[in-house]
Amino acid sequence: MPPAITPSRTERLSRPQQVAEAIKQWVMENGWQPGDRLPSEVELIDRFGMAKGTIREAVRILEAQGLVKSRTGPGGGVFVHQVSEERATALLGNYFYFQQLSIDDLYQIREALEPELAASLAGKLDEDQLAALESVMECYAEPAQNAEEEREQHIASLRFHALLAEMSDNRLLRFLIRFTANMLADVTVSRRLYALPNRKLWASGIDYQSRLVAALRRGDSGAARQILRDHMRGAHRLMRLQEAELTQRFLPEIDIL
């Protein structure tokens, strides 16, 4: 018999969705890993007591979620597939596309997570990792001369934080910080927050990051935490001011009371 699905949830799911959820539960219960082949279509029909069309639609749902992958030809079939971070980021980003995330939303997450990330990495990074962080900083070693450079520098400065997160052993923390950095990059570009030169944001950002790398190198977790906390709070304030100034500057005439 297929694994049980709670009645409250079953009521909200179509039959193919119910089967897809049951297959996922079955995969977990059996400890199947990426690359393991699922039973044949005939076996799935027999196990779940559903029509061929329902089973095929359930498999298509799992493929759309990136959890299985079909291969044709000799040795083909349906295989358990591991969702990549890029795919997960894209899918989650699509969910938030119409949520109108604010600068406050994003920095609330950054202020909570990134200082602890920095503290956890102090004294644990090797010289190659520290050099990689410093290499990113070279992309904005000098202030931008035009809007296009300003845009590229905003994105590069967020890449610094995404790279720092990548160095963590905590996979969930790594994903959340990298995802938030990607969302902030999207917000920065889509709302043209780079359109006005902001020398203060550039100067404070590179100063904090330089001091952070120094604290990480000497293994000072307390200083690393405080530096990144101050960095996030300062960047939050400056980004809010940047957004407010742009909103006022580009306010359409039709909206003026």
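A few points about this structure:
- Within segment 31-75, the residues that satisfy the criterion of being polar (S, T, N, Q) and over 23 Å from residue 88 (Cβ atoms) are 40, 54, 72.
- Residues located in segment 197-219, provided they are closer than 23 Å to residue 124 by Cα, open to solvent by 60 Å² or more (accessible area, probe 1.4 Å), touching a residue at least 24 places away in the same chain (Cβ under 8 Å) and in contact with a helix residue (DSSP H, G or I) (Cβ under 9 Å, 6 or more places away or on another chain): 217
- Of the residues making up segment 39-69, those that are at pLDDT 90 or above and either under 29 Å from the mean Cα position of the chain (by Cα) or among the β-branched types (Val, Ile, Thr) (or both) number 14.
- Subset of segment 88-126 [small (Gly, Ala, Ser), within 15 Å of residue 222 (Cβ to Cβ) and outside any helix (DSSP H, G or I)]: 122, 123
- Pair list, Cβ < 7 Å and 6+ apart or interchain, from segment 160-181 residues that are under 19 Å from residue 231 (Cα atoms) and modelled with pLDDT under 95 to residues that are hydroxyl-bearing (Ser, Thr, Tyr) and part of a helix (DSSP H, G or I): 179/89
- Output for segment 30-48, where each listed residue is within 18 Å of residue 82 (Cα to Cα) and open to solvent by less than 40 Å² (accessible area, probe 1.4 Å): 38, 39
- Some residue of segment 186-196 being without any contact (Cβ under 8 Å) to a residue 60 or more places away in the chain, open to solvent by less than 20 Å² (accessible area, probe 1.4 Å) and closer than 13 Å to residue 133 by Cα: no
- The set of residues in segment 13-29 being of a type in the set (A, V, I, L, M, F, W, C) and either surrounded by fewer than 16 Cβ atoms within 10 Å (Cβ to Cβ) or under 26 Å from the mean Cα position of the chain (by Cα) (or both) consists of 13, 20, 27, 28.
- Some residue of segment 68-78 being part of a strand (DSSP E or B), surrounded by 14 or more Cβ atoms within 10 Å (Cβ to Cβ), touching a residue at least 40 places away in the same chain (Cβ under 8 Å) and in contact with a Lys or Arg (Cβ under 8 Å, 6 or more places away or on another chain): yes
- In segment 125-154, of all residues being touching a residue at least 40 places away in the same chain (Cβ under 8 Å) and more than 14 Å from residue 198 (Cα to Cα), the one that is surrounded by the most Cβ atoms within 10 Å (Cβ to Cβ) corresponds to 133.
- Being surrounded by fewer than 16 Cβ atoms within 10 Å (Cβ to Cβ) and either more than 20 Å from the chain's Cα centre (by Cα) or among the acidic types (Asp, Glu) (or both) is a condition met by at least one residue of segment 113-124.
The values are calculated or read from the model by the stated rules, or taken from the named source; none is laboratory data. All values derive from a computational prediction rather than experimental measurement. We place every Cβ from the backbone using ideal geometry, glycine too, and count neighbours over all the protein chains shown. Remember, those area values only see protein heavy atoms, side chains included, never the ligands or the DNA or RNA. Shrake-Rupley method; radii C 1.70, N 1.55, O 1.52, S 1.80 Å.
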